[in-house]
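This is the structure, below, for whatever I ask next.
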Amino acid sequence: MSSAVPAGATSSARSRRTPTPRRGRPRHARSTGAPVKRNFVHVGDLANAILAALDHPSARQQLFNIAMDEPVDYAEAAEYLRATRRLPGVEVPTPYRSTWLDNAKAKFLLGWRPQVDLHALIDQAWDYQRAPDDPRKIWYPG
């Protein structure tokens, strides 16, 4: 495995990257056994938040957390995939901690609300099909 810095990145980018899991050990569930919860946002919700902030007077020089109302619980996502797609879940230990971004500021100052919940996010991602004539290259089919 190479430790070279990606083209166009500075050497400090390497130190900010998330540690690479050891081969054969993907990581998605805390070593304590508790499922990891991480913040996601649908690209459409993100675009709507940006559009809401562009000319809004309350947004001037402000920072906003743009995320779903609750972090994605990996165990809940696995259960939904099992129930709807008959896919088995696997517990995988990880040293990473859960996060919870508070999007209340964007809600109250901008009037923005995320529209896509966990089930819709999974369904849209799983059911997406590219047009046969789509010219984009798939660099990582994973």
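The values are calculated or read from the model by the stated rules, or taken from the named source; none is laboratory data. Bear in mind the structure is a predicted one, so any value in this text is a computation, not a measurement. Don't worry about glycine lacking a Cβ; one is built from the backbone with ideal geometry, like all the others, and counts go over all protein chains shown. Just the protein is used for accessible areas: all its heavy atoms, side chains included, with ligands, DNA and RNA removed. Shrake-Rupley method; radii C 1.70, N 1.55, O 1.52, S 1.80 Å.
Only Lys, Arg, Asp and Glu count, each charged at its Cβ (+1, +1, -1, -1), so figure out the dipole size of the stretch 38-142 about its Cα centre, rounded to 20 debye. Spell out each step's value before the answer.
Working: 12 positive and 14 negative charges, 55 e Å.
The calculation lands at about 260 debye.
Shifting gears a bit: Kindly sort R38, R82 by accessible area of their heavy atoms, largest first, with the probe set to 1.4 Å. Walk me through the intermediate numbers first.
Values: R38 85, R82 120 Å².
Listed by decreasing accessible area, they come as R82, R38.
Need the full-extension length gain, F40 to K105, defined as separation in residues times 0.36 nm minus the C-alpha distance. One decimal, nm. Working shown, then result.
Numbers: separation 65, 0.36 × 65 = 23.40 nm, distance 1.68 nm.
Working it through step by step, the gained length comes to 21.7 nm.
While we're looking at this one, here's another question. Note down the accessible area of D123, probe 1.4 Å, to the nearest 10 Å².
40 Å²
Okay, next question. Please compute the modelled spin-label separation between Y128 and A75, points set 7 Å along Cα→Cβ, answer in nm with one decimal.
2.8 nm
Which percent of the accessible heavy-atom area of the stretch 69-142 goes to carbon and sulfur, probe 1.4 angstrom? Please report the intermediate quantities before stating the final value.
Details: 3260 of 5820 Å².
That fraction is 56 percent.
If Y140, Y128 are ordered by their accessible area, calculated over protein heavy atoms with a 1.4 Å probe, which sequence runs from highest to lowest? Spell out each step's value before the answer.
Numbers: Y140 180, Y128 135 Å².
Ranked list, largest accessible area first: Y140, Y128.
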